[in-house]
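First the structure, in the form of structure tokens, and then the observations on it.
The values are calculated or read from the model by the stated rules, or taken from the named source; none is laboratory data. Everything quoted here is computed from the prediction, not taken from an experiment. Cβ placement follows ideal geometry from the backbone for every residue including glycine, while neighbour counts extend to all protein chains displayed.
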Amino acid sequence: MKALATVLAIALLAATLAWHVPMMLWDHFDLLPLLDAWQRGELLDSGFAQLHGGHLHTSAYALLLGTTLLSGGATWVDCVASWLLLLAYAALVARWWPRDGTDRRAIAVQAGIVFLTLYPGHLANLQWGWQVAVFLCLAATALALRALLATTLDWRHNAFALLAAAVACTSFATGMAVLPAALLLIALRDELPPPHRALLAAPWLLLALVLAAMYLRNGLLGAHAFDAAGVALHALNFLGSGIARFATDLAPWIAAAGLLLALAWIKPALAHRAARPWLALLAFGAGCALLTALGRVQAWGPDQAFATRYASFSSTFWLGLVGIGASIDAAARVRAIALPAVLLLAGANAIHHIKQAYVTGARTRAVAEEIRTSWPQVDEDLLREIYFDDAEAARRHLDALRTRGWAPFHAGPG
């Protein structure tokens, strides 16, 4: 499996560098005011600790500010940072891979888990330097879960897990899905007396309340009528697109089947300690789907869940499902059909994501070249395209890049 993991990791890096977004675009422009504030010594008075597009990116900002200044705005450096964080996530998940058995089925399951961990669906985020927040969130989530899975869970492991979870939650809003996953793992520690488990769970509940209060204060929770049907469809689309974005009509039905299978496997999984990390990962993926639906469906509708960048989170649900199936003894016939089906769909979806990443890379290279050669007479439609239909703000951001001598206003790679 190490050989397969190495091949997948190298292939992801090669594709990332070949198709990376070669300059700051879209949300990435919003790092420029933070850079200016940092260099003036006014970072804490800027948007550094404020919500951006519904996310608290503070931990990711800290990383991006460093890589951006050290690299002179070379966005490929941010992409490599994302890749390294993905490897950290994969290394942590690797400790949960089932290694017992040398028959073809066991080897196939192991290979499937490796594939879903180093999934080509990550390319949509790997190729855009701004999305380092996604991989910092995933790595921190896996680190938190690993701490809670320690042989002996004490306050030190719990405190470390809380710290890692705080990084996840302040990298990407969906990182808050680690909180119910953590509470699940604490609840499953039946070797500990209930009062002890309650004490371990208390700071997690406090963290959840603090985050909920922050989002409520910013009007991002409870600000509109609750659309249960819309939230459900968005969440199903989100999960289904993790392995079937190439078939959007089928994706919610595939997700519903996956959820039913997960419900059927929960009871036997609870009886197997080896299934616990996969249960937590499955809970995290389902939590990501629900949080994203709650935050996005009102403004954008259920189809917004098919955004390619969500695959990094939705794939964790399917990774957890496959891991559970490999860990339990029950339902052998169902597993014999379900697990290959998941992996076959994921393989087809990977091809779809690779094509999408290529298109994005080609388009953004063309955009960067057009800006470089036509500046300052950049087409108004292009300016609106690169910054949320705001041509004036886009021009200001491009002028800031030109002043710094950053891509696309230099000959070197972005």
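Tabulated values for the structure
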read-out: Unmet criterion (only one of (1) among the hydrophobic types (A, V, I, L, M, F, W, C); (2) buried (at least 19 other Cβ atoms within 10 Å of the Cβ); (3) in contact (Cβ under 8 Å) with a residue 40 or more places away in the chain; (4) closer than 26 Å to PHE135 by Cα) for LEU200; value: (4)
read-out: Selected residue (only one of LEU294, LEU290 is assigned to a helix (DSSP H, G or I), hydrophobic (A, V, I, L, M, F, W, C), at pLDDT 95 or above and surrounded by 18 or more Cβ atoms within 10 Å (Cβ to Cβ)); value: LEU290
read-out: Tally, over segment 346-387, of residues that are over 29 Å from LEU12 (Cβ atoms) and of a type in the set (A, V, I, L, M, F, W, C); value: 4
read-out: Residue among ALA168, ALA202 that alone is small (Gly, Ala, Ser) and under 27 Å from PHE306 (Cα atoms); value: ALA168
read-out: Hits in segment 31-59 - residues which are in a helix (DSSP H, G or I) and within 20 Å of the chain's Cα centre (by Cα); value: LEU31, THR58, SER59
read-out: Neighbours by Cβ (under 7 Å, 6+ apart or cross-chain): first from segment 301-329, under 16 Å from ALA181 (Cβ atoms); second not in a helix (DSSP H, G or I); value: SER315/TYR119; GLY323/TRP96
read-out: Enumeration of residues in segment 135-175 that are surrounded by 24 or more Cβ atoms within 10 Å (Cβ to Cβ), among the polar types (S, T, N, Q) and in a helix (DSSP H, G or I); value: THR141, THR174
read-out: Every residue from segment 297-312 that is surrounded by fewer than 20 Cβ atoms within 10 Å (Cβ to Cβ), farther than 23 Å from LEU126 by Cβ and not small (Gly, Ala, Ser); value: GLN298, TRP300, ASP303
read-out: Selection count where residues are at pLDDT below 95 and either of a type in the set (Asp, Glu) or within 11 Å of MET24 (Cα to Cα) (or both), scope segment 383-414; value: 1
read-out: Qualifying residue in segment 272-285 (condition: more than 25 Å from ALA150 (Cβ to Cβ) and charged (D, E, K, R)); value: no
read-out: Boolean, GLY47 is farther than 25 Å from ALA348 by Cβ, surrounded by fewer than 16 Cβ atoms within 10 Å (Cβ to Cβ), out of contact with any strand residue (DSSP E or B) (no Cβ under 7 Å at 6 or more places or on another chain) and not aromatic (Phe, Trp, Tyr); value: no
read-out: Among residues of segment 377-414, those that are under 27 Å from LEU70 (Cα atoms) and not small (Gly, Ala, Ser), counted; value: 16
read-out: Tally, over segment 2-20, of residues that are surrounded by fewer than 17 Cβ atoms within 10 Å (Cβ to Cβ), in contact (Cβ under 8 Å) with a residue 24 or more places away in the chain and within 17 Å of ASP78 (Cα to Cα); value: 2
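Okay, residues lined up against (1) among the β-branched types (Val, Ile, Thr); (2) over 22 Å from the mean Cα position of the chain (by Cα); (3) modelled with pLDDT under 95:
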residue	(1), (2), (3)
LEU64	no, no, no
THR68	yes, no, no
TRP76	no, no, no
VAL80	yes, no, no
TRP83	no, no, no
TRP97	no, no, yes
ASP100	no, yes, yes
ALA111	no, no, yes
